[in-house]
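Structure first, then comments.
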Protein chains: 4
Amino acid sequence: MTLTPEQLADIAAERAETRTTLRATAPGMEAHLYTAYPVLDHGLVRVIDYMGDDNAITQAARVSYGRGTKAVSDDRGLIRYLMRHWHSTPFEMCEIKLHVKLPVFVARQWIRHRTANVNEYSARYSILDREFYIPAPEQLAAQSKVNNQGRGQLLEGAEAARVLDLLREDAMRAYDHYEDMLTPDETTGKMGLARELARMNLPANVYTQWYWKVDLHNLFHFLRLRADAHAQYEIRVYAEEICKIVKDWVPLAYSAFEDYRLGAVGLSASGVAVLKRRLAGETVTQETSGMSKGEWREFTAEWG
Amino acid sequence: MTLTPEQLADIAAERAETRTTLRATAPGMEAHLYTAYPVLDHGLVRVIDYMGDDNAITQAARVSYGRGTKAVSDDRGLIRYLMRHWHSTPFEMCEIKLHVKLPVFVARQWIRHRTANVNEYSARYSILDREFYIPAPEQLAAQSKVNNQGRGQLLEGAEAARVLDLLREDAMRAYDHYEDMLTPDETTGKMGLARELARMNLPANVYTQWYWKVDLHNLFHFLRLRADAHAQYEIRVYAEEICKIVKDWVPLAYSAFEDYRLGAVGLSASGVAVLKRRLAGETVTQETSGMSKGEWREFTAEWG
Amino acid sequence: MTLTPEQLADIAAERAETRTTLRATAPGMEAHLYTAYPVLDHGLVRVIDYMGDDNAITQAARVSYGRGTKAVSDDRGLIRYLMRHWHSTPFEMCEIKLHVKLPVFVARQWIRHRTANVNEYSARYSILDREFYIPAPEQLAAQSKVNNQGRGQLLEGAEAARVLDLLREDAMRAYDHYEDMLTPDETTGKMGLARELARMNLPANVYTQWYWKVDLHNLFHFLRLRADAHAQYEIRVYAEEICKIVKDWVPLAYSAFEDYRLGAVGLSASGVAVLKRRLAGETVTQETSGMSKGEWREFTAEWG
Amino acid sequence: MTLTPEQLADIAAERAETRTTLRATAPGMEAHLYTAYPVLDHGLVRVIDYMGDDNAITQAARVSYGRGTKAVSDDRGLIRYLMRHWHSTPFEMCEIKLHVKLPVFVARQWIRHRTANVNEYSARYSILDREFYIPAPEQLAAQSKVNNQGRGQLLEGAEAARVLDLLREDAMRAYDHYEDMLTPDETTGKMGLARELARMNLPANVYTQWYWKVDLHNLFHFLRLRADAHAQYEIRVYAEEICKIVKDWVPLAYSAFEDYRLGAVGLSASGVAVLKRRLAGETVTQETSGMSKGEWREFTAEWG
């Protein structure tokens, strides 16, 4: 990520001006505000605004008149109870607004989370920058042989070098042509193609950016799916960066989220039955488990 | 609206504590924070939190790095443009959280606006207060003769008095029985009915309360429908109270909302055609307008 | 549930007319169409329309041109895979539309599921019927002593009788007054209160009705929460009735839902750790589990 | 659009099999079912399924037990009333499911309509086809000089030819490299890049496809924005194709939509004031209108 001096000055100006407010503030979050955290080679995540803190969750759950004189330990217990029992509405009472710069193919996965507000940089209205995601060598992996939508072994040597060359050259050439098509030239009478058309030449690793605003419940849902080991690496690194921020914003809620969602394991009815038989000392095999081979493979990956 | 000394103290405590923040603040909104504004006989609206200001709308529309050095006049023009052309996503970048106390039959209309976050006081978990909406005499109207879902003339004299008596007496009796059913009595072995059952005896004018959080775009949609003259009076007064708050929060956006939504008039294709003929000097009648009688009545109510 | 002869004739007429279509049909669902299944004392659930079948789920998952020549066993495996890995969008490709008659306090819980389409009978526009939910004696329970939002022991004898009397009498009186307030009388000049006001006198056990339309993914979410043992009985019976219908509509999807959702158990990170220690032969106590007392009680309720 | 013989056979098979159903059917829609209508050079729209007809709208609005014996003229009047007064929920009672093939940059605009169900062809799981949108010469326009997000004059001669060459060559080269990167070669030990990575090389005019399901209210909202003259041509042609289908599906609702939405004009409070002054014979100028120059230009474009 390289920010222009103007962008850095904008951020510095935002961080320089302190205001007073009667609203709840989250000190851990104030420390993050506006700062651009780099993700991938040109991407970033930064907090533009937030609403609420841990106490806002319990205050809403109690529909109370004040912030309450309850001890932090009470808030902790209540938040864990709410998370454990899937009471989602109190978590919806916190909100975060992020500025994210990300490759288009990542943006296309991200946007499938519909319960959020998004305002994206418009390539009909503006010209995109010459910035493309090129994977680091340690991310350049072959198609997985077991997972139809995942990666396997790392590419090496000549193959890896060639892939990187192709990605880089195609991106640069596409951008050269994009600029060329766009640019009018009075001397030759060239008019310049409309931006809404020229952009179609740019590949999916070009960077876009947006403001994304979401409530904490829906953010946790996003993080559970996208910070998961099965998520594509290029979106997972964004989710992981956001996890760090959320941990400082609402530490009690984040801790409950780690225990009941991120680190949690769902057991099917068949899985419950197998574990109970095992706890009773029985040896269970795939054949006697009632599970298909695929389910059994996933089950034993967790439970041995 | 009567608040208990404890509730008043909670509110005072919230208003007494000033914090510092790097976030955008809206001075007009800070003045409203936490204050309980009375609505109807026992209801209230108060702002618990907010995110963003007028500038947050244009900042998101531009997907910019800073708050911008643009003049207020630029923000005004852009906000009006966005509103006029139904660009909704920048307005979604502001958020408000309200604490509302309202009769159940109003809550049932309100909740039909699905794009919002709600946490309601639970009558499974807690006991409701003895508070019921009893209309003021100037709201006690007969069924409208022209509008199937509206009010007509005011009731008078004995009829009005009797209605108020019935509403009051039935509410008090229902609450007496609610309390009676709920309350255990060890001396007689009375166990007390479960709260989730006892509440079914309470009429729809009992007050409930909730935390309601919504973005500015969806709030404007709510206000356009509920601050409208055709909305039921009992929800309209809430919408009107919220309008006053929003006007102080995001004055530029609210002014555009007044011009392009609240005070706007939609013309059907037929209506456009009739107005153009009129502007050209023609006299148009219902028969030659292409409109049904009902449409013509509504059209001439606006245009003469 | 008592339907009028006119309503029964309407239903019979709907079931009598067979049409031809090129669309996917679900034979198990055709058998249910329009039939009113009784729920509680006056409620009902009936299917008005549906879209899709099990095959529609896999067809969408494959984004295929035809219904596919895949065997049912392939569909079964794919549907179980999609359910196990939380791929929700293919399940959203099926849709159901129900006509439901239900007490208002149940409707208020139900409507909290926002991702659905609802059109409710309007008490501003129409007069409600004299129908109220009165619990059967075997549902008349005391407040639970361990669960703040649940029921405990059954009420008995005089207490039960008194509760039923109060509920019945208050409902009848409220309805008498509702009718009285509504009804104009030309001889006395009584004008009749507007319907939108008179309805506020009716208690929360009055029946309302609506058309409710929802996709299968969101319906499963509703059923998981509302067919659960912790859901209030009066909404659970609706969920259970709908479960029977869905089982006949999309048998493969429903079977996966039973295994991975209804009968599934979620384990927190702490819970996983405890089970693994137990499987390794260790005896774990609450003190050494890292769980709070409440969590341990819930954990051992499932795992002993 | 060129379909493979296998795809054509799938479609023919779907259209060949007639089933019986008790559900409402829309004869105008049955005629469209499954047929692939070409859009742009390789795109298509086809109806996979639908729920409801015009009568389903009024039946839900009345929350009635049967289809009603009401005359079509009553349905027509009620539907127009509902549309005129923004009663949206009855229109949500109809649903349509489409299979759409479209360029990625169009898909990115389309997906911003969040209230719909989507299942997209996965480029993590599958290999995309070698199909790219190349604009027809009559769509190859320069950037508009008045509209920052629109097109102006057509490109001509050498400039047009060069743009088409660049788009075609870059697309073909990008696809060649995509295939090359993907394909393993055992003889050389080349492993083949993971699909989820290789796809990033493909430009935004590559075709994707999805199943898209939406209710009629939200579809009308989509069509109002996307069939509008200000929408980008490449999404507008999809909207126009869908308009033709909807017109045959729910002719009464579509006709009301044309009158009250597509052909309607919104007047701001200022616009209403100006028209009233004009109707009263006054000559109003921009200076005396209270409108900005931009608003006045848009106003006089409609009203002269």
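The values are calculated or read from the model by the stated rules, or taken from the named source; none is laboratory data. Everything numeric in this text was worked out from a predicted model, so none of it was measured. Glycine gets a Cβ as well: all are built from the backbone with ideal geometry, and neighbour counts include every protein chain shown. Side chains included, ligands, DNA and RNA excluded: accessible areas come from the protein's heavy atoms. Shrake-Rupley method; radii C 1.70, N 1.55, O 1.52, S 1.80 Å.
Structure values in brief
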{"quantity": "Set of aspartates and glutamates near B:Lys190 by C-alpha distance (under 18 Å), chain-local residues within fewer than 8 positions excluded", "calculated": "B:Asp176, B:Glu179, B:Asp180, C:Glu138, C:Glu156, C:Glu159, C:Asp165"}
{"quantity": "Drop in accessible area of at least 50 Å² in the complex versus isolated chain, residues of region B:185-201, 1.4 Å probe", "calculated": "B:Met191, B:Leu193, B:Arg195, B:Glu196, B:Leu197, B:Arg199, B:Met200, B:Asn201"}
{"quantity": "Shielding by partners - mean other protein chain Cβ count within 10 Å, residues of D:229-239", "calculated": "1"}
{"quantity": "Chain A: relative contact order as a whole-number percent, Cα under 8 Å and 6+ apart", "calculated": "22"}
{"quantity": "12 Å Cα-Cα reach of C:Lys247 towards aspartates and glutamates, excluding residues that sit fewer than 8 places from it in its own chain", "calculated": "C:Asp53, C:Asp54, C:Glu258"}
{"quantity": "Region B:10-58: GluC sites (Glu not before Pro) falling in loop per DSSP and having at most 13 other Cβ within 10 Å", "calculated": "B:Glu17"}
{"quantity": "Above-threshold pairs, the threshold being 22 Å between Cα atoms, out of B:Lys293/C:Lys213; B:Lys97/C:Lys213; A:Lys276/C:Lys276; B:Lys101/B:Lys244; A:Lys101/A:Lys213", "calculated": "B:Lys293/C:Lys213; B:Lys97/C:Lys213"}
{"quantity": "Cα gyration tensor shape for region A:1-150, rounded if a/c is under 1.5, else prolate or oblate", "calculated": "oblate"}
{"quantity": "Cβ-vector label at 7 Å, A:Ala280, separations to other copies in nm", "calculated": "2.5, 8.7, 8.8"}
{"quantity": "Loop-located GluC sites (Glu not before Pro) in region C:214-294 whose Cβ has at most 14 other Cβ within 10 Å (DSSP)", "calculated": "C:Glu282"}
{"quantity": "Area hidden from solvent between C and B (accessible, protein heavy atoms only, 1.4 Å, total, Å²)", "calculated": "5400"}
{"quantity": "Overall form of the protein assembly as shown per C-alpha gyration tensor (a/c, 1.5; a/b vs b/c)", "calculated": "rounded"}
{"quantity": "Value in Å of the Kirkwood radius, where chain A supplies the Cα pairs that are averaged", "calculated": "22.9"}
{"quantity": "Sites A:Ile127 and A:Val265 - FRET efficiency at Förster radius 51 Å, r taken between beta-carbons, to 0.05", "calculated": "0.60"}
{"quantity": "Label point distance in nm, A:Glu258-B:Thr4, each placed 7 Å from Cα along Cα→Cβ", "calculated": "3.8"}
{"quantity": "Cβ neighbours within 10 Å from other chains - mean over C:266-274", "calculated": "6"}
{"quantity": "Whole-Å distance, taken between Cα centres, linking region A:111-148 and region D:29-74", "calculated": "37"}
{"quantity": "Spin-label pair A:Arg114/C:Asn147, simplified geometry with 7 Å Cα→Cβ offset, distance in nm", "calculated": "3.2"}
{"quantity": "Low-density loop positions, chymotrypsin sites (Phe, Trp or Tyr not before Pro), region A:1-101 - DSSP coil, at most 15 other Cβ in 10 Å", "calculated": "A:Trp86"}
{"quantity": "Distance between modelled label sites at C:Lys293 and D:Glu138, nm, 7 Å Cα→Cβ extension", "calculated": "8.0"}
{"quantity": "Inter-chain shielding of A:170-182 (mean C-beta neighbours from other protein chains, 10 Å cut-off)", "calculated": "4"}
{"quantity": "Global form of region C:135-204, assessed from the alpha-carbon gyration tensor, a/c cut-off 1.5", "calculated": "prolate"}
{"quantity": "222 nm mean residue ellipticity, helices alone, for the protein assembly as shown (DSSP H n ≥ 4; -39,500 (n - 2.57); rounded to 500)", "calculated": "-13500 deg cm²/dmol"}
{"quantity": "Computed FRET value (nearest 0.05) for B:Ala280 with A:Thr20, which takes r as the C-beta separation and R₀ as 51 Å", "calculated": "0.30"}
